[in-house]
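Written below as structure tokens is the structure these notes are about.
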Amino acid sequence: MRTIIVLVLVLGLWESNASAQGYLYKCTTVQAAPGQLMALIDYLKADLEKVRQSGDEPAYMFRHQQGDRWDLMVMVPAGSYTDYFTSKTAQILEHPYGSDYYNYVALQEEGFVRGPALDLFRETWQNNTYFHAEMFVALPGKHQDLYHEREMENAYSQARGGIYNMIFTKENGFAWDIFTLGGYRDFKHYADTQMSTADKEAAAKQAGFESAAAIGPYLRSLINYHHDTLGAKVE
């Protein structure tokens, strides 16, 4: 009991220092064991339904269609470490070592991240069916520059009639330092947005880039590596 009390106090201090950085989420990416993808999806869908029935804030999942090697991303609004680890959600989604869940899993990575306000996150998931995730590992000393570059690309996207990509920064856990997640009504919406006929050069300069052609090279000057994934929401 004393250990639990100390842990809660430590987490409370950590949360008070981190709260200004954004809302807390848990992100998990899972690669299914060979031949077990559909069984894993069914397992996690059942878990997410239990979360909904518990009365806790719903968690969300999308399935990659092309891109990174993982198959599923699960996003859980946590709010705070204390709220999460004392919730029914954690009891459902934190699978103990050696449990039957791992019969379906080849590789799992997870981390706690700070991101947008919960209302924006909810709205993005509820109003869209198709998602684009871009995940980055920053070069040493380039974390703030990379965050700013992500904001600039959002400005560039919106100036061309595109969407706002939610930005998440790692607090602890997996290797990724930062990732963005954009929601689209469907694949056609994604394709139409990428082919926007707006003046790319004007939009790029307005966002702070030297030119549209300079966006990619500037991003690469800030990162060790990155992966991106397209996929559909699982309901």
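Only residues that are surrounded by fewer than 21 Cβ atoms within 10 Å (Cβ to Cβ) and either of a type in the set (Lys, Arg) or farther than 10 Å from Gly231 by Cα (or both) were counted across the stretch 61-74, and they come to 4. Can you tell me which of (1) over 15 Å from the mean Cα position of the chain (by Cα); (2) assigned to a helix (DSSP H, G or I); (3) surrounded by fewer than 16 Cβ atoms within 10 Å (Cβ to Cβ) is the one Leu120 doesn't meet? Of (1) over 15 Å from the mean Cα position of the chain (by Cα); (2) assigned to a helix (DSSP H, G or I); (3) surrounded by fewer than 16 Cβ atoms within 10 Å (Cβ to Cβ), only one is false for Leu120: (1). Right, Asp83: surrounded by 16 or more Cβ atoms within 10 Å (Cβ to Cβ), of a type in the set (Asp, Glu) and closer than 24 Å to His227 by Cα or not? Taking the combined requirement at face value, the residue does not satisfy it. Do we find that Leu230 is among the aliphatic types (A, V, I, L, M), modelled with pLDDT of 95 or more and surrounded by 14 or more Cβ atoms within 10 Å (Cβ to Cβ) in this structure? When the stated conditions are applied, Leu230 does not pass them. Looking only at the stretch 168-199, residues that are surrounded by 19 or more Cβ atoms within 10 Å (Cβ to Cβ) and either closer than 18 Å to Leu230 by Cβ or of a type in the set (Phe, Trp, Tyr) (or both) come to 9 in all.
Just one of (1) surrounded by fewer than 18 Cβ atoms within 10 Å (Cβ to Cβ); (2) farther than 19 Å from Leu37 by Cα fails for Asn128. It is (1).
For the stretch 86-104, filtering for residues that are in contact with a helix residue (DSSP H, G or I) (Cβ under 7 Å, 6 or more places away or on another chain) and crowded, with 16+ Cβ neighbours inside 10 Å leaves 6. So which helices (runs of 4 or more DSSP H) stay within the stretch 130-235 end to end and still have 1 or more residues that are hydrophobic (A, V, I, L, M, F, W, C) and without any contact (Cβ under 8 Å) to a residue 40 or more places away in the chain? The helices (runs of 4 or more DSSP H) meeting that bar are 187-194. Total residues in the stretch 161-204 satisfying the condition of being at pLDDT below 95, under 24 Å from Gly115 (Cα atoms) and of a type in the set (Gly, Ala, Ser): the figure is 4. Residues in the stretch 61-109 that are basic (Lys, Arg) and closer than 22 Å to Gln36 by Cβ were compared, and the one that is farthest from the chain's Cα centre (by Cα) is Arg69. Note on the stretch 201-222: residues that are surrounded by 17 or more Cβ atoms within 10 Å (Cβ to Cβ) and not aromatic (Phe, Trp, Tyr) amount to 7. Checked across the stretch 188-208, the condition of being within 16 Å of the chain's Cα centre (by Cα) and either among the basic types (Lys, Arg) or within 22 Å of Leu24 (Cβ to Cβ) (or both) holds for no residue. Taking the stretch 11-43 as the range and being at pLDDT 95 or above and either in a loop (DSSP other than H, G, I, E, B) or closer than 24 Å to Pro116 by Cα (or both) as the test, the residues that pass are Tyr23, Leu24, Tyr25, Lys26, Cys27, Thr28, Thr29, Val30, Ala33, Pro34, Gly35, Gln36.
The values are calculated or read from the model by the stated rules, or taken from the named source; none is laboratory data. Only a predicted model underlies this, so the values are computations on that prediction, with no experimental measurement involved. Note that each Cβ is placed from the backbone with ideal geometry, even for glycine, and that neighbours are counted across all protein chains shown.
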